[in-house]
Amino acid sequence: MSNNKEMEQQKKIFKENIELLINNGEIEQSKDLIRQFETLAPYDADIWSMKAIILFIEGKYDEAEDLLWKGVDLDNKNKDILYNLGYLYEVRGEFRTAINLYWMVMKITDDFQQISSIKSTIKKLKMMDDTTEKKFIVLGSREWSEVMNRPQLIAQSLSRLAFQVEYIQPLIDVSIERPTLENSEMMKYSQHNMRRLGFLNVHIPISVYHNGGFLSDNYLDMIQGLIDLSDEEIVIICCLPAHATVLNKLTGSFKIIYDCPDEEELETLYIKKKNNIEDHAVLLEKSNIITTNDAGSFLVNRLGIYKNVYLIENGDNSENDRENNIFSGKALSLNSWSSKSKELLSMINGHADNLEIGIIRERYEGLLKNKPNPTLSSLYALTFAGTETDKFYGLAKRAYDELQTASTLKNYIFASVEANRINECAETIINDSKLTEIDKAEIEFLIRNDRSNLLKSRLLHIAKWFRELRNMISELEKGDLFEYNYILGNYYYENGYYNQSIMIYDKLLNHNNNILNSSPTLYHNMANSLIEEGRIIESRKYAKKVTMSQEHLKFSIVIPTRNNHMTLEYTLKTCLDQEFDNYEIVVSDNSSNDSTCNLVASINNDKIKYFRTEQELAMTENFNFAISKAKGEYIIVLGSDDGLLLHALSTLDILLDTLDTKILKWDYVFYGWPDVKLGGVENYFNIPKTITGSINRTVIKSKDIINNVVDFNIPYNSLPMLYCNAVVHRDLIDKLKTITGTVFAGTIPDVYSGFALACIQEHFIAVDVPMSIGGASGKSNGIAVLHGNKDKESKGIQKDFNKLNNKLGATRFKIVPDIPNVVAPIAESFLNVKQLLGDFSADYILNRQKMIQICVESLDVTDKDFQKHLQIIYSSLEDDQGLKEWFVKNYIEKSGFGRSGKTPMKFQKGFTYNGGLTLDLSDFNVTDVYGAANIFRKITGW
């Protein structure tokens, strides 16, 4: 303790001597003393302040500024650092920042003479820049990181103008073991984890869970606490529509700046959560200042009811895009985040210039004179909105006719509504590829029934102009009840209020004297609303298919097969017994004997499209041949001993119309055929816990699934495979083929497809109701090859499999042991994807050590091939000396690993611990996959 006191006393004397030398102008001697001091304490705010004074005396203002800001990061309550930084900005003429720093000094100093002097200085400076003390609360869209987005850069730049800034991260999830947690404890946790970066505090609000159930969060309380404890003027900066919910609940005095998303971002946010558009409208009305870096958003909002909209570039733009070039001028000439923040302050104080419509129009005219551009012409048309309606309409229509994009479509709709040329607009856009089939069918329906007012509402929905829709609803409240309910019900649906939309649609669709009960949109939206509420069975009543005159094929069920007509018959029965009609079944016969062809002929159903390969193909080649014959929008691939559950296509049709996904995955139901060569699973049928009529969905991050599969933590069928456990949109399949030249690759096409699709699709949706049966029979390639069965039939399948792959020239990766174990084809498939999908798969790494561990520990020590397989595993490690040494140490030099003989699998009939049901289907005289599908229906109601 005494040594510490002596050290602090020595530091104090050092500092007093340095200060004396500086005051006497003995700069070099003071530098020497500083160097000596820094050998004892290299990070000292007082010393940095003195170094900055020396730099200031030497005229090195930029270096002094950098050093003082480092001092702020080290100690933001050091009054000398703050005062010197304030003085530097005063000298530079940056009075607002100087005033902020002087205010901070006044709060922490007890020197009355200094306080009096600072008050006098502030009074003088406020004559040049009259400002008030402000605190900024920035509601972030992601966690704080070195790679910053727009809200983070705004927060950082404001703090560098010496404002206190509170950055609120999105909620993070925290699990606790006890069932309750006080709010004070949550706040204490967040306070403990808060990061201090100079004048910027990064707050971490939390959502608390117990046993997977939500308890509470402290997001609102955290922001409200900052408001309540502040003496300064509060300015809240938000950037997401979802922030409207919390802002509506806050109390006290504060201003709101809404840095709103551009039109493309809004569309993405709407897809993720429907009421984002309504929340966006709420924020537009609630905010004191609206900023955007998108020219289209600026014009649409500026020319509407919002006059407080400003166009601001991103601070790191080195070149303006073509649209923003039109607005280049005072507000956009400075190109740094600091200048953007200063511009925000001018807006708050009412001093910012905004561009007049006439100036905007002239700049557009100049650009368009040099080079015509339909996108710019469409924006140019907006400058006539509200003043010259005919010109607005003519320009907007011409731009749309020249180039059909999302923005030209929206602007054309805006102009058509203003000009009251609804029918003409509807007839013009009805074939636009960006419209959904339902929108097209609804437009056709409303034109045919001469319902122009409702047609107007449909166009407003397409443009997502919900402000105008709310006006329509208010005007119709005391008018036509059917029209009022039609527009209100659709408004509720489009904004995600499904319970309310169901109640209104129910009235409309069940009223016999109402022409609207034939509306395609009402049926479509009612079905989807019921699905969103988990009422799947009820939704089927309304899910009637509505298309334009030319119907497209919704599904292709693709079945590659080879010499397996015995099970194929029942697979086809499951595919034909569907409560849905718009699909085809593609049977790809890989040069089988005549039995397969004869079977298809005997069934004699037009839905089955039979193709036979010209020669024997490897399994992967046959899969590619089969997929090339499919014509459907969505594709499902089944093996010839698998099956569809009988509700599959009708349910998938409804889900895919509702969910925005290119891949929809499920866990299939496993069925062991009586002849399966996997002892103990004959007649085995496992039904997972299933709630009749209810479906839960989860958005899955593909990278999480891939990482866990290649780390061998979860089974490979967790991947979204183009085989038995997923339906995939044709666009994604075409994308894969464009990138790699093929759809399937390697020797195990199903596993390969799972990795490949997950690599090129960032997210997919999984549902908790099975749609298919994964069958395992005596003809199963996977079981015969991967389990190394020794019976005659399995050996024949193995021989055929290897012969055709050798003929193809398929080679194995040397680092993957060529032994009968499921981890080998998983690794093989993954490495094929790494090879073919380069950049898409670059971040994923195979856990070779765990793969080897699983291979070794699953070996049967009583098998005559035990030593052979052990040697194969060892040889696969030639490229990795460290892995080889680990293998020798843990397995070659030790014993006791592996298993002794094959333990027969045995399943227990009855209910499982997680609510599933295991059956022996021989108890029900069921011996095939079609019978299994019927049992599933009888038990679950699906």
Self-check item: Residues within the stretch 123-153 that are part of a helix (DSSP H, G or I) and open to solvent by less than 10 Å² (accessible area, probe 1.4 Å), tallied
Solution: 2
Exercise. State yes or no: is I783 hydrophobic (A, V, I, L, M, F, W, C), part of a helix (DSSP H, G or I) and open to solvent by 10 Å² or more (accessible area, probe 1.4 Å)?
Key: yes
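Residue by residue, here is whether (1) in contact with a Cys (Cβ under 7 Å, 6 or more places away or on another chain); (2) open to solvent by 10 Å² or more (accessible area, probe 1.4 Å); (3) hydroxyl-bearing (S, T, Y) holds:
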| position | (1), (2), (3) |
| --- | --- |
| I536 | no, no, no |
| K554 | no, no, no |
| E569 | no, yes, no |
| V587 | no, no, no |
| N593 | no, yes, no |
| N604 | no, yes, no |
| A626 | no, no, no |
| I635 | no, no, no |
| D642 | yes, no, no |
Quiz item: Which helices (runs of 4 or more DSSP H) does the stretch 530-643 wholly contain that include 2 or more residues that are of a type in the set (A, V, I, L, M) and over 35 Å from the mean Cα position of the chain (by Cα)?
Solution: 565-576, 594-603
Quiz item: In the stretch 67-79, which residues are open to solvent by 60 Å² or more (accessible area, probe 1.4 Å) and either of a type outside the set (D, E) or modelled with pLDDT of 90 or more (or both)?
Solution: K70, L74, K77, K79
Practice problem: Filter the stretch 877-920 for residues that are assigned to a loop (DSSP other than H, G, I, E, B), in contact (Cβ under 8 Å) with a residue 12 or more places away in the chain and more than 29 Å from K677 (Cα to Cα) and give the result. | Solution: L877, E878, D879, D880
Exercise. Check Y189 against each of (1) open to solvent by 10 Å² or more (accessible area, probe 1.4 Å); (2) modelled with pLDDT under 90 and name the one condition it does not meet.
Key: (2)
Quiz item: Can you name the helices (runs of 4 or more DSSP H) wholly within the stretch 396-505 that have at least 2 residues being under 25 Å from E285 (Cβ atoms)?
Solution: 406-419, 452-463, 466-476, 481-494
Quiz prompt | the stretch 822-860, subset among the acidic types (D, E) and not in a helix (DSSP H, G or I), residue surrounded by the fewest Cβ atoms within 10 Å (Cβ to Cβ) | solution = D843
Quiz item: Of all the residues that make up the stretch 608-623, how many are in contact with a Phe, Trp or Tyr (Cβ under 9 Å, 6 or more places away or on another chain) and either open to solvent by 40 Å² or more (accessible area, probe 1.4 Å) or not assigned by the TED database to the domain that holds N563 (or both)?
Solution: 3
Quiz item: Does I819 satisfy being crowded, with 19+ Cβ neighbours inside 10 Å and either basic (K, R) or not assigned by the TED database to the domain that holds K735 (or both)?
Solution: yes
Quiz item: In the stretch 811-825, which residue that is among the aliphatic types (A, V, I, L, M) and touching a Leu at 6+ places or on another chain (Cβ under 9 Å) is farthest from G782 (Cα to Cα)?
Solution: I815
Quiz item: Could you list, in sequence order, the residues of the stretch 906-936 that are touching an Asp or Glu at 6+ places or on another chain (Cβ under 7 Å) and open to solvent by less than 20 Å² (accessible area, probe 1.4 Å)?
Solution: V929
Quiz item: How many of the residues making up the stretch 41-69 are touching a Ser or Thr at 6+ places or on another chain (Cβ under 8 Å) and of a type outside the set (V, I, T)?
Solution: 2
Quiz item: What's the number of the condition D863 fails, among (1) surrounded by 12 or more Cβ atoms within 10 Å (Cβ to Cβ); (2) of a type in the set (D, E); (3) part of a helix (DSSP H, G or I)?
Solution: (3)
Self-check item: Among the residues listed as G213, G198, the single one being at positive phi and assigned by the TED database to the domain that holds Q156
Solution: G198
Self-check item: Every residue from the stretch 385-422 that is more than 24 Å from L266 (Cα to Cα) and within 34 Å of the chain's Cα centre (by Cα)
Solution: D401, E402
Quiz item: Under the condition of being touching a residue at least 12 places away in the same chain (Cβ under 8 Å) and acidic (D, E), which residue from the stretch 32-57 is least open to solvent (accessible area, probe 1.4 Å)?
Solution: D44
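The values are calculated or read from the model by the stated rules, or taken from the named source; none is laboratory data. Bear in mind the structure is a predicted one, so any value in this text is a computation, not a measurement. Here the Cβ is made from the backbone with ideal geometry for all residues, glycine too, and neighbour counts use every protein chain on show. What goes into the accessible areas is simple: the full protein's heavy atoms, side chains included, and nothing from ligands, DNA or RNA. Shrake-Rupley method; radii C 1.70, N 1.55, O 1.52, S 1.80 Å.
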